[in-house]
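First up is the structure itself, then whatever we jot down about it.
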Amino acid sequence: MRLITLICAAVLCLPSFAEEKFPDGTPIPEWFKDSKIVNINTLGKKYTITNYGVVNDSTLLQTEKIQSAIDAAAQNGGGVVIIPKGTYLSGALFFKPKTHLHLEEGAVLKGSDDISNFPVIDTRMEGQNLKYFAALVNADKVDGFTLSGKGTINGNGIRYWKSFWLRRAVNPKCTNMDEMRPRLVHVSNSNDVQISGVRLINSPFWTTHLYKCKNVKLLNLYIFSPEKPVRAPSTDAIDIDICSNVLVKNCYMSVNDDAIALKGGKGPWADKDPNNGGNFNIIIEDCTYGFCHGALTCGSESIHNRNIILRRCTITNANRLLWLKMRPDTPQRYEYILVEDITGDANYFLYIKPWTQFFDLKDRKDTPISYSDHVTMRNIDFKCDEFFSVEKSDQYQLSNFTFENLNIKAKKGSYNKELINKVTWENVNITQ
């Protein structure tokens with residue numbers, strides 16, 4: 001009787017949920033379950049920019065005065081820079097250790113549409129460490145950085161977008177970086193970061209770029225750039241570049257490029273460069289998507305992604321649900337990826353093809369072989385034009401894919417399991 005009592009007591013002490021695990025079987029830390037917004041009242045003194053000579057004027061450039069508020073906070077041991085209700089025009093701003101940014105409801109930090117207001121700095125862009133323009137909001141080596149509030153950061157990007165398309169019309173081979181334009185938010189070499197609540201809109205280039213960061217939470221964000229009447233080129237919602245432990249939760253993303261793009265380096269020797277690396281333990285959950293090129297995209301500047309989860313999301317009018325860009329001039333490994341509990345529609349359900357834009361093997365004589373393995377797509381109710389858009393290539397190897405509990409309505413529902421080594425296919429229903 002005593003043994004039975006002990007067993008019953010032990011059962012009652014067990015948690016009501018099974019331990020969650022990443023796709024490779026390692027436990028998901030408790031850190032991912034905490035989506036509480038940081039209380040700015042715990043972050044030190046508040047520095048309201050209007051106390052530093054900044055006025056509510058959407059046409060008056062006030063970069064230096066806003067920066068003076070940031071500098072004052074840094075000099076006094078840290079604090080929160082407050083953007084009050086109103087519209088304030090600025091060029092690049094640089095946050096420092098123990099400083100934070102909070103935008104009150106009705107506040108708009110508006111980016112200048114003159115590139116000369118964004119200095120050229122040592123930074124990271126498109127899988128390279130180089131000199132390029134600073135973002136509107138920059139935080140480098142700012143552990144604990146928070147960006148919060150109910151206000152808006154408006155990149156004011158339309159002039160940059162129009163200029164890009166004019167340049168592309170004259171020179172179809174011009175790259176994304178040839179048209180000089182800033183990103184909206186760039187956080188680099190920083191740990192324990194939280195970006196929450198704000199509206200991030202109309203970025204001239206990438207919207208949110210994280211480089212070499214650990215323990216980052218992006219919560220309750222509204223991220224938008226238009227697809228028409230002027231397309232906002234390369235305005236990725238969130239670029240995750242050599243990061244570990246990243247949670248993207250309860251966000252809305254609609255941009256004229258990839259919503260979530262995993263990056264980390266490019267080129268034939270990318271895996272040998274200490275500035276490059278992989279992304280590990282990334283969870284995107286409970287998000288809503290509007291138009292985008294890819295809901296979850298690996299590449300094109302990417303060498304290693306492991307333990308990536310996209311779950312419990314609604315997707316509308318996307319081009320691709322899961323896009324694996326296999327770059328023939330770069331050694332890549334995309335592994336342990338889980339896409340589950342998804343509803344909505346896209347042009348393509350699964351899209352895997354060589355990505356040859358700006359192909360350059362440099363001095364390498366052989367083509368590096370890339371791999372994508374242990375990819376699972378399950379519990380998905382979806383409409384698409386094409387279900388299985390996978391191309392055979394000697395450049396990469398695909399293995400251990402699982403398709404489970406899929407209810408797919410597709411105009412083109414055909415598939416070829418022979419393109420993937422070791423496929424698990426269970427309860428897959430495809431109709432026209």
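The values are calculated or read from the model by the stated rules, or taken from the named source; none is laboratory data. Fair warning: this is a prediction, and the values are worked out from it, not measured in the lab. Quick reminder, even Gly has a Cβ in these numbers, built from the backbone with ideal geometry, and neighbours come from all protein chains shown.
Scan region 107-140 residue by residue and report those that are assigned to a loop (DSSP other than H, G, I, E, B), touching a Lys or Arg at 6+ places or on another chain (Cβ under 9 Å) and closer than 17 Å to Gln67 by Cα.
Once the filter is applied, which keeps residues that are assigned to a loop (DSSP other than H, G, I, E, B), touching a Lys or Arg at 6+ places or on another chain (Cβ under 9 Å) and closer than 17 Å to Gln67 by Cα, region 107-140 yields Phe118, Ala134, Ala135, Leu136.
Can Ser35 be described as under 29 Å from the mean Cα position of the chain (by Cα), in a loop (DSSP other than H, G, I, E, B) and among the hydroxyl-bearing types (Ser, Thr, Tyr)?
Spelling it out, Ser35 is indeed under 29 Å from the mean Cα position of the chain (by Cα), in a loop (DSSP other than H, G, I, E, B) and among the hydroxyl-bearing types (Ser, Thr, Tyr).
Checking Ala92 against (1) under 21 Å from Asn189 (Cα atoms); (2) surrounded by fewer than 19 Cβ atoms within 10 Å (Cβ to Cβ); (3) in contact with a Pro (Cβ under 8 Å, 6 or more places away or on another chain), only one condition comes out false. Which one?
(2)
Restricting attention to region 237-269, and to residues there that are of a type in the set (Asp, Glu) and in a loop (DSSP other than H, G, I, E, B), which single residue is surrounded by the fewest Cβ atoms within 10 Å (Cβ to Cβ)?
Asp257
Among the candidates Lys409, Lys422, which residue alone is among the charged types (D, E, K, R), assigned to a strand (DSSP E or B) and closer than 28 Å to Thr288 by Cα?
After ruling out the rest, the residue left standing is Lys409.
In region 155-175, is there at least one residue being at negative phi, in contact with a Leu (Cβ under 6 Å, 6 or more places away or on another chain) and either in a helix (DSSP H, G or I) or not β-branched (Val, Ile, Thr) (or both)?
Yes, there is a match, as at least one residue in region 155-175 is at negative phi, in contact with a Leu (Cβ under 6 Å, 6 or more places away or on another chain) and either in a helix (DSSP H, G or I) or not β-branched (Val, Ile, Thr) (or both).
Taking the condition of being of a type outside the set (S, T, N, Q), more than 16 Å from Val339 (Cα to Cα), without any contact (Cβ under 8 Å) to a residue 40 or more places away in the chain and touching a Leu at 6+ places or on another chain (Cβ under 8 Å), how many residues in region 392-432 meet it?
The number of residues fulfilling the criteria is 3.
Among the residues of region 214-229, are any of a type in the set (Phe, Trp, Tyr) and touching a strand residue (DSSP E or B) at 6+ places or on another chain (Cβ under 7 Å)?
Yes.
Do the conditions hold for Lys85, that is, is it touching a strand residue (DSSP E or B) at 6+ places or on another chain (Cβ under 6 Å), within 25 Å of Lys266 (Cα to Cα) and of a type in the set (Lys, Arg)?
The answer is no for Lys85.
Is it fair to say Gly294 is of a type in the set (Gly, Ala, Ser) and assigned to a loop (DSSP other than H, G, I, E, B)?
It is false that Gly294 is of a type in the set (Gly, Ala, Ser) and assigned to a loop (DSSP other than H, G, I, E, B).
Which residues, counting only those in region 132-181, are at pLDDT below 95 and acidic (Asp, Glu)?
Residues satisfying the conditions are Asp178, Glu179.
Sort out which residues of region 328-363 are within 18 Å of Ile260 (Cβ to Cβ) and in a loop (DSSP other than H, G, I, E, B), and write them in order of number.
Within region 328-363, Gln332, Trp355 meet the criteria.
Among the residues of region 301-324, is any in a loop (DSSP other than H, G, I, E, B), more than 21 Å from Lys412 (Cα to Cα) and under 15 Å from the mean Cα position of the chain (by Cα)?
yes
Quick one: which of Ile37, Ile82 is surrounded by 15 or more Cβ atoms within 10 Å (Cβ to Cβ) and at pLDDT 95 or above?
Checking each option against the conditions leaves just Ile82.
Which of the following residues is at pLDDT 95 or above, in contact with a helix residue (DSSP H, G or I) (Cβ under 7 Å, 6 or more places away or on another chain), under 25 Å from Gln128 (Cβ atoms) and crowded, with 18+ Cβ neighbours inside 10 Å: Ile352, Ile303?
Being at pLDDT 95 or above, in contact with a helix residue (DSSP H, G or I) (Cβ under 7 Å, 6 or more places away or on another chain), under 25 Å from Gln128 (Cβ atoms) and crowded, with 18+ Cβ neighbours inside 10 Å holds for just one of Ile352, Ile303, which is Ile303.
Restricting to region 108-139, name every residue that is over 21 Å from Arg159 (Cβ atoms) and out of contact with any Phe, Trp or Tyr (no Cβ under 8 Å at 6 or more places or on another chain).
Asp122, Glu126, Gly127, Gln128, Asn129, Leu130, Lys131
In region 283-299, which residues are more than 22 Å from Pro23 (Cα to Cα) and touching a residue at least 60 places away in the same chain (Cβ under 8 Å)?
Gly290, Phe291
Can you pull out every residue in region 213-236 that is within 16 Å of Glu126 (Cα to Cα) and either within 13 Å of the chain's Cα centre (by Cα) or surrounded by 24 or more Cβ atoms within 10 Å (Cβ to Cβ) (or both)?
Answer for region 213-236, where residues must be within 16 Å of Glu126 (Cα to Cα) and either within 13 Å of the chain's Cα centre (by Cα) or surrounded by 24 or more Cβ atoms within 10 Å (Cβ to Cβ) (or both): Ser234, Thr235, Asp236.
Taking region 349-380, which residues are among the β-branched types (Val, Ile, Thr) and within 23 Å of the chain's Cα centre (by Cα)?
Once the filter is applied, which keeps residues that are among the β-branched types (Val, Ile, Thr) and within 23 Å of the chain's Cα centre (by Cα), region 349-380 yields Ile352, Thr356, Val375, Thr376, Ile380.
Provide a single number: the residues in region 285-300 that are surrounded by 24 or more Cβ atoms within 10 Å (Cβ to Cβ) and either among the hydroxyl-bearing types (Ser, Thr, Tyr) or over 24 Å from Arg231 (Cβ atoms) (or both).
So the count comes out to 2.
Being crowded, with 20+ Cβ neighbours inside 10 Å and in contact with a Gly (Cβ under 6 Å, 6 or more places away or on another chain) is the filter here, so list the residues in region 170-212 that pass it.
Passing the criteria: Leu184, Val198, Asn202, Ser203, Pro204.
What number goes with the only condition from (1) over 20 Å from Leu221 (Cβ atoms); (2) free of Cβ contacts under 8 Å to residues at least 40 places away in the same chain that Thr63 does not pass?
Against the list (1) over 20 Å from Leu221 (Cβ atoms); (2) free of Cβ contacts under 8 Å to residues at least 40 places away in the same chain, Thr63 comes up short only on (2).
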